[in-house]
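Heads up: the structure comes next, in structure tokens.
The values are calculated or read from the model by the stated rules, or taken from the named source; none is laboratory data. Just so it is clear, the model here is predicted, and its values are computed rather than measured. Cβ atoms come from the backbone with ideal geometry, glycine included; neighbour counts cover every protein chain shown.
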Amino acid sequence: MEPSAASPGPFAAASKHFARRLLTIGENRLELLMLEMQEERERLMRGILLALGVATLGLLAAITLTAALVVLLPVPPAILLLVMTALYAGTAAMLYRRLLVLIRDWENFPATLDQLRKDHACLEQSLS
């Protein structure tokens, strides 16, 4: 018995084509992920800097307002300071709740994850 000469045939060509396409898709998804990471980093830095600016200027405004009210209003300073403290604490609690909602709803790399889900569905459909 003589072994038959094995030729690459259509199966090998299809496998190579599939592997090339899979690598190309993986490379594209990796590039998308890297781009989104850079965008997220820039957005995060911009947000941190803006938050620091808002916090600093807001604190200065609150201190100035409190001092002006204590000096200008004929109300006893202790009562006025307690009212202002309650107002500031209530505003801080409201902002804290909004921050918790923002953190809870935060989604990282939505476009990359969506594209990977589409790729997974397409791959399942083509393999079945």
### Summary
When restricted to Gly90, Gly47, the only residue surrounded by fewer than 12 Cβ atoms within 10 Å (Cβ to Cβ), among the small types (Gly, Ala, Ser) and under 27 Å from the mean Cα position of the chain (by Cα) is Gly47
### Query
Are any residues in the range 108-124 assigned to a helix (DSSP H, G or I) and under 18 Å from the mean Cα position of the chain (by Cα), and if so, which ones?
Pro110, Ala111, Thr112, Leu113, Asp114, Gln115, Leu116
#### Entry: Leading residue by the ranking (nearest to Thr91 (Cα to Cα)) among those in the range 19-53 that are at pLDDT below 90 and among the β-branched types (Val, Ile, Thr)
Ile25
## Note on the structure
Note: among Glu36, Glu124, just one is within 30 Å of Phe18 (Cβ to Cβ), touching a helix residue (DSSP H, G or I) at 6+ places or on another chain (Cβ under 8 Å) and of a type in the set (Asp, Glu), namely Glu36
#### Entry: Out of Pro74, Pro10, sole residue that is part of a loop (DSSP other than H, G, I, E, B) and loosely packed, with under 10 Cβ neighbours inside 10 Å
Pro74
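Select, from Ile103, Ile25, Ile48, Ile63, the only residue that is β-branched (Val, Ile, Thr) and touching a residue at least 24 places away in the same chain (Cβ under 8 Å).
Only one candidate passes the filter, namely Ile25.
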